[in-house]
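The values are calculated or read from the model by the stated rules, or taken from the named source; none is laboratory data. Keep in mind it's a predicted model, so treat the numbers as computed, not measured. FYI the Cβ positions are ideal-geometry reconstructions off the backbone, even for glycines, and counts take in every protein chain you see.
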Amino acid sequence: MSFRDNLLHLRASHNMTQEQLAVLLGVSRQSVTKWESERSYPEMDKLLKLCQTFGCTLDELVQGDLTDRAPEPSAAPATSAPPADVFGYDEFMRRFANRIANGVMTIVLGVAAMLVVFGTAEPGMASFAVLPENIAAALGMLCLLVALVIGLALIIPAGMSHAQFVREHPFIEDFYTTEQKARARSAFRYECIGGIAVILVGVCALMALGDTPYEESVGIPALLVCVAVGARFIVHGGLTLGRTNLAKYNRCVGEILDAHEIEGANIPAERKAELLQQSKTDKRIAAVCGVIMLLATIVALLLLFVPYAMGVEDYSQGPITLFWLPWPIGGLLCGIAAVIIKEFGRPEA
């Protein structure tokens, strides 16, 4: 009998998840997965800890046959260990929230900086050095592009890291306590209220500068700065609160993992069946929405170019003015199709 068979039997007979065993041994769930798939072997101190946990000798665990052995009462309390953050989920999600929120804020600040630079080309702005219009336009666009690069450099790698984390840890047992979740809700309330308050300050600044020479060059950028800071608070608060909803995290795994990845993932059997069904549904939705948006694009191009081919030169009237309409209609139809497919795609109880 192999070590793998003994470990699988002992863990199952003690009603112990891989996460619980990992917590007891001070390792990651991935390590337990590798042991049970014979891709690696535990170190000696871990083997001794396993023997202590399951009440067996080292020879019995490594070379013996424990598959007929019932769990000993002395080992049962080990399964009552509270869930813990074995994989560093909380720290990872906090970093993810910071990067996404900072990326959003940076992009909006870039728009504000662009408008400020554009304002320096206005001759009525006595408080700024007046720049030639072309120089101001170039510098303004440079500010926007730099902000976009920085913002996307924060958002895109964060999204990729999140997807990779989900692939490596497709199922995480809820380790947050009621108190921790209550603190997260309280922090979200403060950040949400603070964000809204900052945005209102920007609105007041714009109203105060209304109908003055400074409205466009100072008032609107001030509003955008407040929107950027307020959005940062709101996005960060929402993401940090969302991190405590591990049930939602486990449900959303199917949006990232492919069917073969779900099959090979270490996920409870019931949840795995749900994710596979969800993956099939998502593929149907993607196919239907792809067809809808392709047809919408064809209709839009016909509305745009057919009048031109027929010699129409007035683009201010007629069907050409509605060339943009098929895309929002297509998006609406995609939403309706998704609801219908999800509703009728549910397996009957």
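Quick notes
- Take the conditions (1) free of Cβ contacts under 8 Å to residues at least 12 places away in the same chain; (2) surrounded by 13 or more Cβ atoms within 10 Å (Cβ to Cβ); (3) farther than 27 Å from Phe118 by Cα; Glu215 misses just one of them, which is (3).
- Screening Met93, Met114 for residues that are modelled with pLDDT of 85 or more, more than 17 Å from the chain's Cα centre (by Cα) and not β-branched (Val, Ile, Thr) leaves exactly one candidate, Met114.
- Close pairs (6 angstrom Cβ cut-off, 6 or more residues apart or separate chains): closer than 17 Å to His169 by Cα in the stretch 264-293, surrounded by 13 or more Cβ atoms within 10 Å (Cβ to Cβ) and at pLDDT 80 or above anywhere: Asn266/Thr33
- Applying the set (1) modelled with pLDDT of 95 or more; (2) under 22 Å from the mean Cα position of the chain (by Cα) to Val166 leaves exactly one unmet item: (1).
- Every residue from the stretch 218-266 that is modelled with pLDDT of 90 or more and basic (Lys, Arg): Arg232, Arg243
- Candidate set: the stretch 292-330, residues that are within 33 Å of the chain's Cα centre (by Cα) and either surrounded by fewer than 13 Cβ atoms within 10 Å (Cβ to Cβ) or among the small types (Gly, Ala, Ser) (or both); chosen: the one modelled with the lowest pLDDT: Trp324
- Val149 fulfils the conditions (1) within 21 Å of the chain's Cα centre (by Cα); (2) within 30 Å of Ala22 (Cβ to Cβ) except for a single criterion, (2).
- Qualifying residue in the stretch 43-62 (condition: of a type in the set (D, E, K, R), part of a loop (DSSP other than H, G, I, E, B) and either at positive phi or at pLDDT 85 or above (or both)): yes
- Matching residues in the stretch 240-254 - criterion: being assigned to a helix (DSSP H, G or I) and closer than 18 Å to Ala182 by Cβ: Thr240, Leu241, Gly242, Leu246, Ala247, Lys248
- Residue within the stretch 126-134 that is modelled with pLDDT under 95 and touching a Cys at 6+ places or on another chain (Cβ under 9 Å) present: no
- Residue in the stretch 331-347 that is touching a Leu at 6+ places or on another chain (Cβ under 8 Å), in the same structural domain as Ala273 (by TED's automatic domain parsing), in a helix (DSSP H, G or I) and at pLDDT 75 or above present: no
- The condition (being free of Cβ contacts under 8 Å to residues at least 40 places away in the same chain, farther than 25 Å from Asn102 by Cβ and not basic (Lys, Arg)) is satisfied by just one residue among Ala259, Ala205: Ala259.
- Going through (1) assigned to a helix (DSSP H, G or I); (2) at pLDDT 75 or above; (3) surrounded by 14 or more Cβ atoms within 10 Å (Cβ to Cβ) one by one, Ala286 falls short only on (3).
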